[in-house]
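Quick note: the coordinates plus some simple rules give every number you see, no bench work behind them. What you are looking at is a predicted structure, and each value in this text was computed from that prediction instead of being measured. Positions of Cβ are backbone-derived with ideal geometry, glycine not excepted, and every protein chain shown enters the neighbour counts.
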Amino acid sequence: MWYYWNHYGYMNSFPAILIGGPPHSGKSTLCYSLSQALRQRKIAHYLLRAAPDGEGDWTHELENAAVQPVRFKGDWTQHWIDVTCRDVAQRTLPLLVDVGGKPTPDQQAIFDQCTHAIVIAAKDEDRAPWVEMTQAHNLLLLANLRSTLAPLPDRAADPHDAGGPLVGEVSGLKREAPAPGGLFNALVERVAGLFAPFTEDEVLRIHLSRAPFQSDPGSVHVVHFRDLHRALRPGDPSGRFRLDDDIAPALALIPGDRPIALYGRAPIRLVAAIAARRDVCWQFDARLGWLQALRPTVCAPDDRSYLNHPDLIIEPVESAPDTTTLVLRGKDLYLNYDALQTLRLPWIAPDRRVIVGAPGGGKLPQWLIAGIAAAYRHCAGVEAWQAQS
């Protein structure tokens, strides 16, 4: 396996599967269902929503009535295309890449960073242009699927297509339900086989071997959220923390006498709780690799310079007599880690609680939340909230 280095740390040649089709084809739901099936098999991967349409796992996991108020659409910009191409090219995990429904020639630069493709559409005439696009960009077609909401007999792939793309129908693709059926199961098997060498343990071994602190691993305590959950809830295969019960026991398991590195998926409330009470020095980001913890500056009480950041809108709101909610909104859909090195935050008095909030849902990276939580550790308490983390 070949590796190379870049500004954000090592990356390697993991497969990247582009999932494409016209709008309203069931593409995003297929992405979500496929990712959930891979998670159940403990296959390491990352679902990258490459189209700036505001969708993410949270749109499938919230009730439909709650999705619409927090979902928003963004515009394709050259900056978005550039950073997406960079992130796909420098991937740290096998990727599923949802590219949106109407890619222009400029946006098709993302195709060139992928290795395989899955095409889905309700009509044959809509699938054909997508198949042509994947061929033009030299992607290996894994599946050519027709989607329908109507229930169909459970059927697997056409046996005549053995060894070639899976061909057939998937039905019942709904936001609130996983994709059913034999063809979907066959697709899971094919993707799982492609991603199989990259088990969670193997990917962890690779990432730790390339960590910036690997020359002196004993100097840093790595908090692997998967293992932390297992320690707190042995025998629970869900991987989900029960935050009201788990935060205090989790902190008790994390030493306070060494720098901390955070690794893996975790609720944003837990990330904030750890950063506010432990010395988090490193975080692993699935898009960027290992990052040094963000160190924002808290302004003096009369200093309003935090209002001038070019990438982030920061609005402190006194949401209760003893609580300040820090409402954060990115000015762009992609928050640049380098640009936020100069982040300044409003003064909040030590006797107040702080809640870090993101009204857009599922938009703020963990490294930003952790940096802000650490900056307010002088306060009476720090919590974080997002619609989905």
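Taking the number of Cβ atoms within 10 Å of each Cβ as an exposure proxy, the fewest-first ranking of K27, K42 is K42, K27.
Between Q36 and T148, the modelled labels are 2.3 nm apart [label points 7 Å from Cα along Cα→Cβ]. At the listed q of 0.20 Å⁻¹, the Debye profile of the stretch 211-386, built from one uniform point per Cα, gives log10 I(q)/I(0) equal to -1.46.
Rounded to the nearest Hz, the phi-derived 3J(HN,Hα) couplings of the stretch 273-281 under the Karplus curve 6.51 cos²θ - 1.76 cosθ + 1.60 (θ = phi - 60°) are 4, 5, 5, 6, 10, 10, 8, 7, 10, where x marks glycine and proline. Of all DSSP bridge pairs formed entirely within the stretch 211-386, close to 40 percent run antiparallel. Based on the reciprocal of the average 1/r between different C-alpha atoms, the Kirkwood radius for the stretch 241-314 equals 14.5 Å.
Distance from the alpha carbon centroid of the stretch 307-373 to that of the stretch 225-279 works out to 22 angstrom. Taking amide H as placed 1.01 Å from N in the peptide plane, the amide H of Q90 sits under 5 Å from none that are at least 5 places away or on another chain.
For the pair D124 and F213, label points projected 7 Å from Cα toward Cβ lie 5.9 nm apart. Remark on T323: its backbone amide H falls under 5 Å from those of R353, a criterion applied only to residues 5 or more positions apart or on other chains, H modelled at 1.01 Å from N. Here W385, W282 are placed in order of increasing Cβ neighbour count within 10 Å, fewest first, which gives W385, W282.
Karplus-derived 3J(HN,Hα) values for the stretch 201-208, using 6.51 cos²θ - 1.76 cosθ + 1.60 with θ = phi - 60°, are 5, 5, 5, 4, 4, 4, 5, 5 Hz; glycine and proline are entered as x.
Taking amide H positions as modeled 1.01 Å from N, with prolines and chain starts lacking one, the residues under 5 Å from L140 and 5 or more places away or on another chain are H116, A117.
Looking at the stretch 256-325 alone, DSSP beta bridges between its own residues are antiparallel in about 70 percent of cases. Rounded to the nearest whole Hz, the Karplus-based 3J(HN,Hα) values (6.51 cos²θ - 1.76 cosθ + 1.60, θ = phi - 60°) of the stretch 96-104 follow the sequence 10, 10, 8, 9, x, x, 9, x, 7, with x at glycine and proline.
Under the criterion of Cα pairs below 8 Å and six or more residues apart, the relative contact order for the stretch 229-352 equals 19 percent. Under the simplified labelling scheme, the R304-A320 pair shows an inter-label distance of 2.8 nm, with each label point 7 Å from Cα along Cα→Cβ.
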